[in-house]
Structures are given as C-alpha cells and as structure tokens.
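J.: Below: one structure in structure tokens.
The values are calculated or read from the model by the stated rules, or taken from the named source; none is laboratory data. Everything numeric in this text was worked out from a predicted model, so none of it was measured. Here Cβ is always computed from backbone atoms with ideal geometry, including for glycine, and neighbour counts include all displayed protein chains.
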Amino acid sequence: MRFDERNTTSDLVKQTQHLANSPYRRLASAIILQAASDWRASRKYMLAFPRLFLGSSPGKQRNNYLEQLGRAKMMMWETEQFFKSEWFMLLTNLDGKGVLRAVKERERSKE
C-alpha cells in the first residue's frame, strides 16, 4: 500500500482499519502514529526555541532550553530514521519515506 503524500495521519488510520482486528496491527499503527506525533512535537519545540531562549534570563533556564533543544533534535533525527528503517517496513507495507514526507508537508502547510 502506497501512502499518498497528500493524505493526513487520519487517512493512515483509515487505510489500515481493515487490519484493525489484529492486535499486532493495532500496535504497529500506534507505534507509527506515535512516531509522527513525536516528530511534530520536536519540530514545534525547535521552531519555538529562539523565542524561548532569547526571552529567558541567562543561567540555569537557558541551559535547560539548550538541553531540551538537544533532545528535540535527537528525537526528530530518531523518528526520521524510524520512518526509513527496516523495522518500519516490518510493521506495515506503507512507504515510510512517503509517510514522513506527508507529515512534514502537513506541518509546513500549517505555517
């Protein structure tokens, strides 16, 4: 099954509903949806970072923001690797790179 880049996350769920009877398929869908959610949350933090960092006072608060930025970058990288991985291909027959492109495109269209 090819994931059309114009589709949304809810379309992903609809496309895999016929497999919903299987607990393993429900788990696989939940893992994929969580990865998309993690990617979006990381991106949201990275976009907000300059405002948060510059508006904070020097010291511990800024160090916390820098640490959180590092975690957000790592999470984004890890989720992108997941969508391109063999594990993703084992979970579903969707095109992982296509799903990732769709998630990215959807987020860009919100700007």
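J.: If I filter segment 90-105 for residues that are surrounded by 18 or more Cβ atoms within 10 Å (Cβ to Cβ) and at pLDDT below 85, do I get at least one hit?
T.: Within segment 90-105 (the criterion being surrounded by 18 or more Cβ atoms within 10 Å (Cβ to Cβ) and at pLDDT below 85), the answer is no, since none of the residues qualifies.
J.: Taking the options R108, R25, R43, R62, name whichever one is assigned to a helix (DSSP H, G or I), of a type in the set (K, R) and modelled with pLDDT of 90 or more.
T.: R43
J.: Return yes when L33 is among the hydrophobic types (A, V, I, L, M, F, W, C) and under 16 Å from the mean Cα position of the chain (by Cα) and no when it is not.
T.: yes
J.: Let me ask something else about it. Anything in segment 35-52 that is in contact with a helix residue (DSSP H, G or I) (Cβ under 9 Å, 6 or more places away or on another chain) and exposed (fewer than 15 other Cβ atoms within 10 Å of the Cβ)? List them, or say none.
T.: S37, A41, K44
J.: Just checking, which of L94, L69, L33 is of a type in the set (A, V, I, L, M, F, W, C) and part of a loop (DSSP other than H, G, I, E, B)?
T.: Only one candidate qualifies: L94.
J.: Out of (1) over 15 Å from the mean Cα position of the chain (by Cα); (2) outside any loop (DSSP other than H, G, I, E, B); (3) touching a residue at least 60 places away in the same chain (Cβ under 8 Å), the odd one out for M89 is which?
T.: Going through (1) over 15 Å from the mean Cα position of the chain (by Cα); (2) outside any loop (DSSP other than H, G, I, E, B); (3) touching a residue at least 60 places away in the same chain (Cβ under 8 Å) one by one, M89 breaks only (3).
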